[in-house]
1. Just name the residue that is farthest from the chain's Cα centre (by Cα) out of those in the range 181-216 that are at pLDDT 95 or above and aromatic (F, W, Y).
2. How many residues are in a helix (DSSP H, G or I), within 16 Å of the ligand (Cβ to nearest atom) and under 24 Å from L391 (Cα atoms) when one looks only at the range 304-341?
3. List the strands (runs of 3 or more DSSP E) inside the range 344-449, counting only whole elements, that have at least 3 residues being among the β-branched types (V, I, T) and modelled with pLDDT of 95 or more.
4. Going through A106, A119 one at a time, which residue ends up being more than 18 Å from the chain's Cα centre (by Cα), closer than 30 Å to G310 by Cα and not charged (D, E, K, R)?
5. Which of the residues spanning the range 151-184 are under 30 Å from V253 (Cβ atoms) and not small (G, A, S)?
6. Which residue out of T295, T259 is touching a Ser or Thr at 6+ places or on another chain (Cβ under 7 Å), assigned by TED's automatic domain parsing to the domain that holds G85 and under 24 Å from M340 (Cα atoms)?
7. Looking at (1) touching a residue at least 24 places away in the same chain (Cβ under 8 Å); (2) on the phi > 0 side of the Ramachandran plot, which is the only condition R384 fails?
8. Does at least one position in the range 367-375 carry a residue that is farther than 25 Å from R294 by Cα and either surrounded by fewer than 20 Cβ atoms within 10 Å (Cβ to Cβ) or in contact (Cβ under 8 Å) with a residue 12 or more places away in the chain (or both)?
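The values are calculated or read from the model by the stated rules, or taken from the named source; none is laboratory data. Predicted model only: the values in this text are computed from it and were never measured. No Cβ is skipped: glycine too gets one built from the backbone with ideal geometry, and neighbour counts run over all protein chains shown.
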Amino acid sequence: MSGSSYLLERAWVDGAVRDDVLVEIEDGRFTSVTPDGQNWTLSAEVSPVNVQFPRPTGETARVPGLTLPGLANCHSHAFHRALRGRTQRERGTFWSWRDQMYAVAARLDPDSYFALARATYREMVAAGITTVGEFHYLHHQPDGTPYDDPNAMGHALVAAAAEAGIRIALLDTCYLSSGFGKFPEGVQVRYSDGNAARWAKRVEQIDHEHVGAAIHSVRAVPRDEIPTVVAAAQGRPLHVHLSEQLAENDACVATYGVTPTQLLHDAGALGPLTTAVHATHLTGADIFHLGSTRTRACFCPTTERDLGDGIGPSRALHHAGSPLTLGSDSHAVIDLFEEMRATELDERLATQQRGHWTAAELLGAATAHDSLGFDAAGAIAVGRRADLVTLDTTSPTTAGTGADENTAVFAATAADVTHVVVDGRVAFTQADRQDIGRELAAAIERVQG
Ligand SMILES: [Zn+2]
(Lines give C-alpha, C1' and ligand atoms only; values in the text may rest on other atoms or scores of the structure.)
Protein backbone atom coordinates (compact mmCIF):
# COMPACT_ATOMS: atom_id res chain seq x y z
CA MET A 1 0.00 0.00 0.00
CA SER A 2 1.31 3.42 -0.87
CA GLY A 3 1.96 5.91 1.88
CA SER A 4 -0.41 8.73 2.72
CA SER A 5 -0.49 11.66 5.08
CA TYR A 6 -3.15 13.82 6.66
CA LEU A 7 -3.16 17.03 8.64
CA LEU A 8 -5.85 16.60 11.29
CA GLU A 9 -7.39 19.86 12.50
CA ARG A 10 -7.84 18.40 15.98
CA ALA A 11 -7.04 14.88 17.15
CA TRP A 12 -6.98 12.73 20.28
CA VAL A 13 -3.27 11.96 20.78
CA ASP A 14 -1.56 10.80 23.99
CA GLY A 15 -4.67 11.34 26.11
CA ALA A 16 -5.36 14.92 25.00
CA VAL A 17 -6.85 16.82 22.08
CA ARG A 18 -4.06 18.38 20.00
CA ASP A 19 -4.27 20.86 17.12
CA ASP A 20 -2.83 20.47 13.64
CA VAL A 21 -1.64 16.90 13.93
CA LEU A 22 0.31 15.62 10.93
CA VAL A 23 0.12 11.85 10.56
CA GLU A 24 2.01 9.76 8.04
CA ILE A 25 0.98 6.23 7.17
CA GLU A 26 2.85 3.34 5.53
CA ASP A 27 1.49 -0.18 5.10
CA GLY A 28 -1.48 0.48 7.35
CA ARG A 29 0.53 1.82 10.32
CA PHE A 30 1.34 5.30 11.55
CA THR A 31 4.98 6.09 10.80
CA SER A 32 4.90 9.59 12.26
CA VAL A 33 2.48 11.60 14.41
CA THR A 34 3.40 15.27 14.86
CA PRO A 35 1.08 17.65 16.72
CA ASP A 36 1.05 21.43 16.56
CA GLY A 37 2.30 21.81 13.00
CA GLN A 38 1.19 25.28 11.88
CA ASN A 39 2.95 25.56 8.56
CA TRP A 40 2.49 22.30 6.76
CA THR A 41 2.27 22.62 3.00
CA LEU A 42 -1.03 21.24 1.89
CA SER A 43 -2.08 19.93 -1.46
CA ALA A 44 -5.78 19.60 -0.74
CA GLU A 45 -8.50 20.70 1.61
CA VAL A 46 -10.69 17.74 2.41
CA SER A 47 -14.38 18.33 2.39
CA PRO A 48 -16.31 15.79 4.40
CA VAL A 49 -18.54 15.00 1.44
CA ASN A 50 -16.17 14.43 -1.43
CA VAL A 51 -13.02 13.33 0.34
CA GLN A 52 -11.08 10.68 -1.53
CA PHE A 53 -8.61 8.72 0.61
CA PRO A 54 -5.91 7.62 0.50
CA ARG A 55 -4.12 10.33 -1.39
CA PRO A 56 -1.04 9.45 -3.42
CA THR A 57 2.34 9.59 -1.79
CA GLY A 58 3.54 13.12 -1.32
CA GLU A 59 0.15 14.75 -0.85
CA THR A 60 -1.16 15.85 2.50
CA ALA A 61 -4.90 16.32 2.94
CA ARG A 62 -6.24 18.57 5.67
CA VAL A 63 -9.08 16.94 7.62
CA PRO A 64 -11.37 19.34 9.48
CA GLY A 65 -13.15 18.29 12.67
CA LEU A 66 -12.11 16.14 15.63
CA THR A 67 -10.31 12.91 14.78
CA LEU A 68 -10.31 9.95 17.17
CA PRO A 69 -8.64 6.54 17.10
CA GLY A 70 -10.81 3.75 15.68
CA LEU A 71 -13.62 2.51 17.92
CA ALA A 72 -13.91 -1.14 18.98
CA ASN A 73 -17.35 -2.79 19.11
CA CYS A 74 -16.56 -5.65 21.46
CA HIS A 75 -19.93 -7.41 21.38
CA SER A 76 -22.03 -7.96 18.26
CA HIS A 77 -24.62 -10.40 16.95
CA ALA A 78 -24.80 -9.11 13.38
CA PHE A 79 -28.13 -10.71 12.50
CA HIS A 80 -29.98 -8.98 15.33
CA ARG A 81 -29.83 -5.82 13.18
CA ALA A 82 -32.88 -7.22 11.34
CA LEU A 83 -34.94 -6.76 14.54
CA ARG A 84 -34.44 -3.03 15.05
CA GLY A 85 -37.71 -1.13 15.30
CA ARG A 86 -39.72 -4.35 14.97
CA THR A 87 -39.51 -6.01 18.39
CA GLN A 88 -40.69 -2.85 20.11
CA ARG A 89 -44.11 -2.99 18.39
CA GLU A 90 -47.16 -3.54 20.60
CA ARG A 91 -44.93 -2.56 23.55
CA GLY A 92 -42.84 -5.76 23.31
CA THR A 93 -41.56 -8.05 26.07
CA PHE A 94 -38.26 -9.92 26.43
CA TRP A 95 -40.08 -13.02 25.18
CA SER A 96 -41.59 -11.34 22.10
CA TRP A 97 -38.07 -10.08 21.32
CA ARG A 98 -36.67 -13.60 21.68
CA ASP A 99 -39.42 -15.14 19.51
CA GLN A 100 -38.68 -12.69 16.70
CA MET A 101 -34.92 -13.15 17.07
CA TYR A 102 -35.36 -16.94 16.78
CA ALA A 103 -37.61 -16.51 13.72
CA VAL A 104 -34.89 -14.53 11.91
CA ALA A 105 -32.23 -17.01 13.07
CA ALA A 106 -34.29 -19.86 11.59
CA ARG A 107 -34.45 -18.21 8.14
CA LEU A 108 -30.79 -17.34 7.60
CA ASP A 109 -28.49 -19.28 5.29
CA PRO A 110 -24.85 -18.49 4.47
CA ASP A 111 -25.85 -16.15 1.60
CA SER A 112 -28.45 -14.11 3.46
CA TYR A 113 -26.26 -14.10 6.58
CA PHE A 114 -23.41 -12.67 4.50
CA ALA A 115 -25.65 -9.96 3.02
CA LEU A 116 -27.12 -8.94 6.37
CA ALA A 117 -23.73 -8.96 8.09
CA ARG A 118 -22.06 -6.94 5.34
CA ALA A 119 -24.74 -4.25 5.53
CA THR A 120 -24.58 -4.22 9.34
CA TYR A 121 -20.79 -3.97 9.34
CA ARG A 122 -20.98 -1.10 6.86
CA GLU A 123 -23.30 0.68 9.29
CA MET A 124 -20.69 0.06 12.01
CA VAL A 125 -17.89 1.53 9.90
CA ALA A 126 -20.08 4.57 9.21
CA ALA A 127 -20.37 4.93 13.01
CA GLY A 128 -16.56 4.98 13.43
CA ILE A 129 -16.15 1.33 14.41
CA THR A 130 -12.97 -0.21 13.01
CA THR A 131 -12.95 -3.59 14.83
CA VAL A 132 -15.92 -5.79 15.64
CA GLY A 133 -16.03 -8.77 17.99
CA GLU A 134 -18.69 -11.05 16.52
CA PHE A 135 -20.18 -13.40 19.12
CA HIS A 136 -21.21 -16.02 16.59
CA TYR A 137 -23.44 -18.97 17.48
CA LEU A 138 -25.52 -19.58 14.32
CA HIS A 139 -23.41 -22.47 13.09
CA HIS A 140 -25.47 -25.20 11.40
CA GLN A 141 -28.40 -25.84 9.04
CA PRO A 142 -31.95 -25.37 10.40
CA ASP A 143 -32.23 -29.07 11.36
CA GLY A 144 -28.83 -28.99 13.10
CA THR A 145 -26.91 -30.77 10.32
CA PRO A 146 -23.52 -29.17 9.60
CA TYR A 147 -23.09 -27.46 6.23
CA ASP A 148 -20.64 -29.09 3.78
CA ASP A 149 -18.20 -26.50 5.05
CA PRO A 150 -18.97 -26.81 8.77
CA ASN A 151 -17.87 -23.18 9.19
CA ALA A 152 -19.88 -21.81 6.24
CA MET A 153 -21.73 -19.35 8.49
CA GLY A 154 -18.58 -18.12 10.25
CA HIS A 155 -16.78 -17.76 6.95
CA ALA A 156 -19.75 -15.69 5.66
CA LEU A 157 -19.16 -13.26 8.54
CA VAL A 158 -15.43 -13.02 7.85
CA ALA A 159 -16.09 -12.32 4.16
CA ALA A 160 -18.76 -9.74 5.03
CA ALA A 161 -16.33 -7.89 7.32
CA ALA A 162 -13.63 -7.89 4.63
CA GLU A 163 -16.01 -6.32 2.10
CA ALA A 164 -17.26 -3.76 4.62
CA GLY A 165 -13.68 -2.75 5.45
CA ILE A 166 -13.88 -3.59 9.17
CA ARG A 167 -11.54 -5.87 11.15
CA ILE A 168 -13.29 -8.83 12.74
CA ALA A 169 -12.48 -11.08 15.66
CA LEU A 170 -14.71 -14.12 15.13
CA LEU A 171 -15.69 -15.22 18.63
CA ASP A 172 -16.96 -18.69 17.83
CA THR A 173 -19.52 -19.55 20.46
CA CYS A 174 -20.06 -22.85 22.21
CA TYR A 175 -23.79 -23.41 22.85
CA LEU A 176 -24.87 -26.87 24.01
CA SER A 177 -28.02 -26.52 26.10
CA SER A 178 -31.03 -24.24 26.07
CA GLY A 179 -31.07 -24.00 29.84
CA PHE A 180 -29.62 -25.80 32.84
CA GLY A 181 -30.01 -29.50 31.96
CA LYS A 182 -32.14 -28.84 28.87
CA PHE A 183 -31.41 -30.00 25.34
CA PRO A 184 -31.48 -27.42 22.53
CA GLU A 185 -34.90 -27.20 20.89
CA GLY A 186 -36.29 -25.53 17.77
CA VAL A 187 -33.84 -23.15 16.13
CA GLN A 188 -31.36 -23.75 18.94
CA VAL A 189 -30.25 -26.98 17.22
CA ARG A 190 -28.47 -24.68 14.75
CA TYR A 191 -26.27 -23.43 17.58
CA SER A 192 -25.09 -26.73 19.04
CA ASP A 193 -22.12 -28.95 18.17
CA GLY A 194 -23.29 -31.60 20.66
CA ASN A 195 -20.37 -31.27 23.03
CA ALA A 196 -17.41 -28.97 23.64
CA ALA A 197 -14.86 -31.33 22.08
CA ARG A 198 -16.78 -31.32 18.78
CA TRP A 199 -17.15 -27.54 19.03
CA ALA A 200 -13.35 -27.20 19.47
CA LYS A 201 -12.67 -29.47 16.51
CA ARG A 202 -14.88 -27.39 14.23
CA VAL A 203 -13.31 -24.13 15.42
CA GLU A 204 -9.83 -25.46 14.56
CA GLN A 205 -10.91 -25.55 10.92
CA ILE A 206 -11.91 -21.89 10.63
CA ASP A 207 -9.95 -20.11 7.93
CA HIS A 208 -9.31 -16.74 9.61
CA GLU A 209 -6.39 -15.21 11.44
CA HIS A 210 -8.39 -13.76 14.32
CA VAL A 211 -10.53 -16.43 15.94
CA GLY A 212 -11.49 -16.27 19.59
CA ALA A 213 -13.85 -18.39 21.65
CA ALA A 214 -17.05 -17.77 23.53
CA ILE A 215 -19.06 -19.59 26.14
CA HIS A 216 -22.60 -18.52 25.29
CA SER A 217 -23.56 -18.45 28.98
CA VAL A 218 -23.42 -20.72 32.02
CA ARG A 219 -26.89 -21.99 31.11
CA ALA A 220 -25.82 -22.94 27.55
CA VAL A 221 -22.55 -24.72 28.42
CA PRO A 222 -22.73 -27.31 31.23
CA ARG A 223 -20.15 -26.92 34.00
CA ASP A 224 -18.22 -30.07 33.02
CA GLU A 225 -17.80 -28.80 29.44
CA ILE A 226 -16.42 -25.36 30.31
CA PRO A 227 -12.76 -26.47 30.84
CA THR A 228 -12.67 -27.86 27.27
CA VAL A 229 -13.67 -24.43 25.90
CA VAL A 230 -11.14 -22.69 28.16
CA ALA A 231 -8.36 -25.03 26.98
CA ALA A 232 -9.26 -24.45 23.31
CA ALA A 233 -9.22 -20.68 23.86
CA GLN A 234 -5.73 -20.69 25.40
CA GLY A 235 -3.88 -17.52 24.40
CA ARG A 236 -6.90 -16.13 22.55
CA PRO A 237 -9.87 -13.96 23.54
CA LEU A 238 -12.60 -15.79 25.47
CA HIS A 239 -15.96 -14.04 25.84
CA VAL A 240 -19.05 -15.03 27.83
CA HIS A 241 -22.52 -13.58 28.48
CA LEU A 242 -22.61 -13.18 32.26
CA SER A 243 -25.50 -12.48 34.64
CA GLU A 244 -27.55 -10.46 32.17
CA GLN A 245 -30.79 -11.34 33.90
CA LEU A 246 -31.61 -12.30 37.49
CA ALA A 247 -33.43 -15.46 36.34
CA GLU A 248 -30.12 -16.84 35.05
CA ASN A 249 -28.46 -16.22 38.40
CA ASP A 250 -31.31 -17.90 40.29
CA ALA A 251 -31.26 -20.97 38.02
CA CYS A 252 -27.47 -21.25 38.31
CA VAL A 253 -27.58 -21.10 42.10
CA ALA A 254 -30.44 -23.66 42.12
CA THR A 255 -28.49 -26.04 39.86
CA TYR A 256 -24.91 -25.66 41.08
CA GLY A 257 -25.18 -23.77 44.37
CA VAL A 258 -22.94 -20.94 43.13
CA THR A 259 -23.33 -17.73 41.10
CA PRO A 260 -22.41 -17.74 37.38
CA THR A 261 -19.23 -15.74 38.14
CA GLN A 262 -18.18 -18.20 40.85
CA LEU A 263 -18.87 -21.09 38.47
CA LEU A 264 -16.64 -19.54 35.77
CA HIS A 265 -13.96 -18.75 38.35
CA ASP A 266 -13.93 -22.32 39.63
CA ALA A 267 -13.70 -23.62 36.04
CA GLY A 268 -10.63 -21.46 35.34
CA ALA A 269 -12.48 -19.32 32.80
CA LEU A 270 -11.63 -15.87 34.22
CA GLY A 271 -8.49 -13.89 33.41
CA PRO A 272 -7.12 -10.96 31.38
CA LEU A 273 -8.02 -12.56 28.04
CA THR A 274 -11.60 -13.16 29.20
CA THR A 275 -14.44 -10.68 28.68
CA ALA A 276 -17.61 -10.88 30.75
CA VAL A 277 -20.39 -9.42 28.62
CA HIS A 278 -23.12 -7.48 30.48
CA ALA A 279 -21.99 -8.36 34.05
CA THR A 280 -25.23 -6.77 35.21
CA HIS A 281 -26.39 -8.56 38.36
CA LEU A 282 -23.30 -9.27 40.47
CA THR A 283 -22.56 -9.91 44.14
CA GLY A 284 -19.64 -8.27 45.93
CA ALA A 285 -17.74 -11.57 45.67
CA ASP A 286 -18.46 -11.70 41.92
CA ILE A 287 -16.99 -8.21 41.46
CA PHE A 288 -13.93 -9.24 43.48
CA HIS A 289 -13.37 -12.35 41.33
CA LEU A 290 -13.74 -10.46 38.06
CA GLY A 291 -11.52 -7.58 39.20
CA SER A 292 -8.78 -9.62 40.83
CA THR A 293 -8.41 -11.79 37.71
CA ARG A 294 -8.40 -8.66 35.47
CA THR A 295 -11.35 -10.07 33.53
CA ARG A 296 -12.78 -7.39 31.25
CA ALA A 297 -16.35 -6.20 31.55
CA CYS A 298 -18.11 -5.43 28.25
CA PHE A 299 -21.13 -3.22 28.83
CA CYS A 300 -23.83 -2.85 26.17
CA PRO A 301 -26.06 -0.17 27.71
CA THR A 302 -28.37 0.44 24.73
CA THR A 303 -29.21 -3.26 24.47
CA GLU A 304 -29.46 -3.66 28.24
CA ARG A 305 -31.92 -0.79 28.31
CA ASP A 306 -33.86 -2.14 25.30
CA LEU A 307 -34.25 -5.56 26.93
CA GLY A 308 -34.89 -4.18 30.41
CA ASP A 309 -31.91 -6.08 31.85
CA GLY A 310 -30.86 -3.58 34.50
CA ILE A 311 -27.78 -1.44 35.17
CA GLY A 312 -24.48 -3.15 35.92
CA PRO A 313 -21.86 -1.86 38.38
CA SER A 314 -19.43 -0.45 35.82
CA ARG A 315 -17.48 1.76 38.20
CA ALA A 316 -17.25 -0.85 40.96
CA LEU A 317 -15.84 -3.30 38.42
CA HIS A 318 -13.32 -0.69 37.28
CA HIS A 319 -12.22 -0.07 40.88
CA ALA A 320 -11.89 -3.81 41.44
CA GLY A 321 -9.56 -4.14 38.42
CA SER A 322 -11.82 -5.05 35.47
CA PRO A 323 -11.14 -2.90 32.39
CA LEU A 324 -14.32 -1.61 30.69
CA THR A 325 -15.12 -2.29 27.05
CA LEU A 326 -18.30 -1.50 25.09
CA GLY A 327 -20.54 -3.24 22.56
CA SER A 328 -23.72 -2.66 20.59
CA ASP A 329 -24.81 -6.30 21.05
CA SER A 330 -28.36 -6.52 19.60
CA HIS A 331 -27.90 -3.37 17.48
CA ALA A 332 -31.03 -1.69 18.79
CA VAL A 333 -28.64 1.20 18.17
CA ILE A 334 -25.17 1.13 16.56
CA ASP A 335 -23.57 4.14 18.17
CA LEU A 336 -20.60 3.79 20.53
CA PHE A 337 -20.87 7.50 21.37
CA GLU A 338 -24.23 6.66 22.91
CA GLU A 339 -22.79 3.56 24.67
CA MET A 340 -20.03 5.73 26.22
CA ARG A 341 -22.50 8.34 27.36
CA ALA A 342 -24.98 5.76 28.66
CA THR A 343 -22.35 4.09 30.84
CA GLU A 344 -21.95 7.32 32.82
CA LEU A 345 -25.60 8.37 32.69
CA ASP A 346 -26.86 4.96 33.84
CA GLU A 347 -24.52 5.17 36.86
CA ARG A 348 -26.06 8.54 37.65
CA LEU A 349 -29.56 7.06 37.59
CA ALA A 350 -28.53 4.09 39.69
CA THR A 351 -26.69 6.15 42.34
CA GLN A 352 -28.46 9.52 42.08
CA GLN A 353 -25.01 11.11 41.80
CA ARG A 354 -23.11 12.63 38.87
CA GLY A 355 -19.51 12.26 37.78
CA HIS A 356 -18.45 8.59 37.86
CA TRP A 357 -16.54 8.34 34.57
CA THR A 358 -14.51 11.01 32.79
CA ALA A 359 -14.85 11.45 29.04
CA ALA A 360 -11.21 10.37 28.65
CA GLU A 361 -11.87 7.11 30.50
CA LEU A 362 -14.94 6.37 28.39
CA LEU A 363 -13.04 7.14 25.20
CA GLY A 364 -10.42 4.67 26.42
CA ALA A 365 -13.14 2.02 26.82
CA ALA A 366 -14.54 2.66 23.34
CA THR A 367 -11.09 2.43 21.73
CA ALA A 368 -9.92 -0.73 23.55
CA HIS A 369 -9.31 -3.26 20.78
CA ASP A 370 -7.10 -5.57 22.86
CA SER A 371 -9.95 -7.68 24.26
CA LEU A 372 -10.47 -8.75 20.62
CA GLY A 373 -6.80 -9.55 20.09
CA PHE A 374 -5.93 -6.38 18.15
CA ASP A 375 -3.43 -4.84 20.56
CA ALA A 376 -1.94 -2.51 17.95
CA ALA A 377 -5.18 -0.62 17.30
CA GLY A 378 -6.83 2.10 19.38
CA ALA A 379 -4.35 5.00 19.41
CA ILE A 380 -3.05 7.61 16.99
CA ALA A 381 0.59 6.83 17.68
CA VAL A 382 3.67 5.67 15.79
CA GLY A 383 3.62 1.95 15.08
CA ARG A 384 -0.09 1.54 15.79
CA ARG A 385 -2.71 0.51 13.21
CA ALA A 386 -3.67 3.57 11.17
CA ASP A 387 -7.34 4.05 12.06
CA LEU A 388 -8.84 7.55 11.94
CA VAL A 389 -12.42 8.44 12.85
CA THR A 390 -13.38 12.04 12.20
CA LEU A 391 -16.34 13.84 13.75
CA ASP A 392 -17.96 16.96 12.36
CA THR A 393 -17.61 19.55 15.12
CA THR A 394 -19.89 22.04 13.37
CA SER A 395 -23.07 19.95 13.08
CA PRO A 396 -26.32 20.96 14.81
CA THR A 397 -25.48 18.30 17.41
CA THR A 398 -21.85 19.14 18.08
CA ALA A 399 -21.45 22.87 17.33
CA GLY A 400 -20.36 24.94 20.31
CA THR A 401 -19.46 21.94 22.49
CA GLY A 402 -15.69 22.58 22.62
CA ALA A 403 -14.47 20.13 19.96
CA ASP A 404 -12.72 18.01 22.58
CA GLU A 405 -13.23 14.63 24.24
CA ASN A 406 -16.42 15.88 25.89
CA THR A 407 -17.83 16.56 22.43
CA ALA A 408 -17.12 12.94 21.50
CA VAL A 409 -18.65 11.47 24.65
CA PHE A 410 -21.40 13.87 25.68
CA ALA A 411 -22.55 15.47 22.41
CA ALA A 412 -21.75 13.42 19.30
CA THR A 413 -23.78 10.69 17.67
CA ALA A 414 -22.80 8.19 15.00
CA ALA A 415 -24.40 10.52 12.42
CA ASP A 416 -21.63 13.07 13.09
CA VAL A 417 -18.92 10.75 11.74
CA THR A 418 -17.67 12.24 8.46
CA HIS A 419 -14.95 9.82 7.42
CA VAL A 420 -13.23 6.70 8.61
CA VAL A 421 -9.85 5.17 7.81
CA VAL A 422 -9.12 1.55 8.76
CA ASP A 423 -5.56 0.23 8.55
CA GLY A 424 -4.67 3.18 6.31
CA ARG A 425 -7.52 2.61 3.84
CA VAL A 426 -10.60 4.79 3.56
CA ALA A 427 -13.58 2.69 4.69
CA PHE A 428 -16.29 5.37 4.85
CA THR A 429 -17.09 8.84 3.59
CA GLN A 430 -20.39 10.66 3.87
CA ALA A 431 -21.08 9.90 0.22
CA ASP A 432 -21.58 6.23 1.28
CA ARG A 433 -24.47 6.92 3.63
CA GLN A 434 -27.40 6.46 1.22
CA ASP A 435 -25.92 3.34 -0.29
CA ILE A 436 -25.49 1.76 3.16
CA GLY A 437 -29.15 2.51 3.93
CA ARG A 438 -30.26 0.85 0.69
CA GLU A 439 -28.09 -2.19 1.38
CA LEU A 440 -29.50 -2.59 4.89
CA ALA A 441 -33.08 -2.30 3.65
CA ALA A 442 -32.55 -4.97 0.99
CA ALA A 443 -30.74 -7.36 3.34
CA ILE A 444 -33.40 -7.05 6.04
CA GLU A 445 -36.31 -7.40 3.62
CA ARG A 446 -34.80 -10.69 2.49
CA VAL A 447 -35.01 -12.20 5.98
CA GLN A 448 -38.08 -10.39 7.31
CA GLY A 449 -40.16 -10.62 4.12
ZN1 LIG B 1 -25.03 -10.77 23.32
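1. W199
2. Let us first name the residues in the range 304-341 that are in a helix (DSSP H, G or I), namely 304-307, 314-320, 336-341.
Filter once more, keeping what is within 16 Å of the ligand (Cβ to nearest atom): 304-307, 336, 339.
Subsequent filtering for residues that are under 24 Å from L391 (Cα atoms) retains 336, 339.
Residues in the range 304-341 being in a helix (DSSP H, G or I), within 16 Å of the ligand (Cβ to nearest atom) and under 24 Å from L391 (Cα atoms): 2 in total.
3. 417-422
4. Working: A119 fails: more than 18 Å from the chain's Cα centre (by Cα).
Answer to the selection: A106.
5. Narrowing the range 151-184 to residues under 30 Å from V253 (Cβ atoms): 171-184.
Hits for the range 151-184 are L171, D172, T173, C174, Y175, L176, F180, K182, F183, P184.
6. Values: T259 fails: under 24 Å from M340 (Cα atoms).
Of the residues listed, the single one that is touching a Ser or Thr at 6+ places or on another chain (Cβ under 7 Å), assigned by TED's automatic domain parsing to the domain that holds G85 and under 24 Å from M340 (Cα atoms) is T295.
7. (2)
8. Keep residues of the range 367-375 that are farther than 25 Å from R294 by Cα, which gives none.
No; the residues of the range 367-375 include none that is farther than 25 Å from R294 by Cα and either surrounded by fewer than 20 Cβ atoms within 10 Å (Cβ to Cβ) or in contact (Cβ under 8 Å) with a residue 12 or more places away in the chain (or both).
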